[in-house]
Amino acid sequence: MFTGIITGIGQIENITDAGDRTFRISCDWDCSTIDIGASIACSGVCLTVVARNASSFDVTASAETLGVTTAADWAVGGCLNLERALKLGDELGGHLVSGHVDGCAEITSIDSSGDSHVVWLEAPHEFARFIAAKGSIALDGVSLTVNAVDGRLFCVNIIPHTWAVTGWATTAVGQKLNMEIDMLARYVARLADFSKE
C-alpha cells in the first residue's frame, strides 16, 4: 500500500527485455536499504525490486503491466515519481493507493490559476463513473483531489509544491498518466451493482 505522497524522483538508467521488461532506476535514496522483493510505486505503478545497489534499483514489469500503464512508453533518461511502500505507523498524508493502475487518463488542458495549475483530463470510458468531485484519485502516483467532473472529463488542482517536487512540471497536453481510482469508490460501485442483481 502507498499514500500517493511522492518521496523521490527516479531516472531510468537502463531497460532490458527478456520476456518481461526490467527497468534500472537511479535516485538519491540509499538504495542499499531497499529489500529485494520490496514494492515501490513508480509513477503510480507498483513494481517489485529484483536487484539493487547503493544508487539504483531494478524492477520488472510484466506484459499485463505494460499493457495497461504508461510503462510501455518509458525510455532511458525518463523521470518517474517514486514512493516506497507504507509501513505500519507511517503518516497517511494522501489517501490509500494500491499501485494497481486502472488505466490511463489523458491531459486535455493545463492552465495557471494564481501560483497553481488547473489540469483537465479525460478518463477511460469504463472508469469515468468512479470519479467524483471532491473524491480522491492517484495520477502517476500522486494523490490528488478531484475538483470537478464533466462526463469523462475531470480536473485537479496542482499546488506549487506538488508541481515542483513531482513530474507534474514536465507534463503536457496530450500526455497520458497512470490513473488509479479511489478504492472506496470501486467498492461502493460494486455493492451498488450487486444490489441490482
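The values are calculated or read from the model by the stated rules, or taken from the named source; none is laboratory data. Quantities reported herein were computed from a predicted structural model and do not represent experimental measurements. All Cβ positions, even for glycine, are placed from backbone atoms using ideal geometry, and neighbour counts span all protein chains on display. What goes into the accessible areas is simple: the full protein's heavy atoms, side chains included, and nothing from ligands, DNA or RNA. Shrake-Rupley method; radii C 1.70, N 1.55, O 1.52, S 1.80 Å.
Below is a table of values for the structure above.
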{"read-out": "Calculated [θ] (222 nm, deg cm²/dmol) that DSSP helices of n ≥ 4 give over the chain, each run adding -39,500 (n - 2.57)", "value": "-3500 deg cm²/dmol"}
{"read-out": "Pair K87, I9: separation of 7 Å Cα→Cβ label points (nm)", "value": "2.6 nm"}
{"read-out": "Carbon + sulfur, % of accessible area of the chain - ligands and nucleic acids excluded, 1.4 Å", "value": "52 percent"}
{"read-out": "Region 5-151, accessible area per residue, ligands and nucleic acids excluded (1.4 Å, Å²)", "value": "48 Å²"}
{"read-out": "Spin-label model distance (nm) - D17 vs A128, 7 Å beyond Cα toward Cβ", "value": "3.3 nm"}
{"read-out": "Residue-span extension gain [D115 to L153] - 0.36 nm each, minus C-alpha spacing", "value": "11.4 nm"}
{"read-out": "Region 72-134 - Debye-derived log10 I(q)/I(0), Cα point model, q = 0.26, 0.27, 0.29 Å⁻¹", "value": "-1.21, -1.20, -1.21"}
{"read-out": "Approximate spin-label separation V76-V173, in nm, with each point projected 7 Å along Cα-to-Cβ", "value": "3.4 nm"}
{"read-out": "Residue with peak Gaussian network fluctuation, the chain [Cα springs, cutoff 10 Å], from D182, D90, D30", "value": "D90"}
{"read-out": "Bins of 10 Å, starting at 0 and running to the largest distance - Cα pair percent for region 16-57", "value": "29, 59, 12"}
{"read-out": "Zero-based 5 Å bins, Cα pair distances in the chain, whole percents", "value": "1, 8, 16, 20, 20, 15, 11, 6, 2, 1, 0"}
{"read-out": "Contact order normalised by residue count of the chain, Cα under 8 Å, 6+ apart, percent", "value": "24 percent"}
{"read-out": "Kirkwood Rh and Cα Rg combined as Rg over Rh, evaluated for region 14-99", "value": "0.95"}
{"read-out": "Net charge dipole size for the chain [Lys, Arg +1 and Asp, Glu -1 on Cβ; Debye, nearest 20]", "value": "240 debye"}
{"read-out": "Contact order relative to length of region 99-139, as percent, for alpha carbon pairs under 8 angstrom and 6 or more apart", "value": "32 percent"}
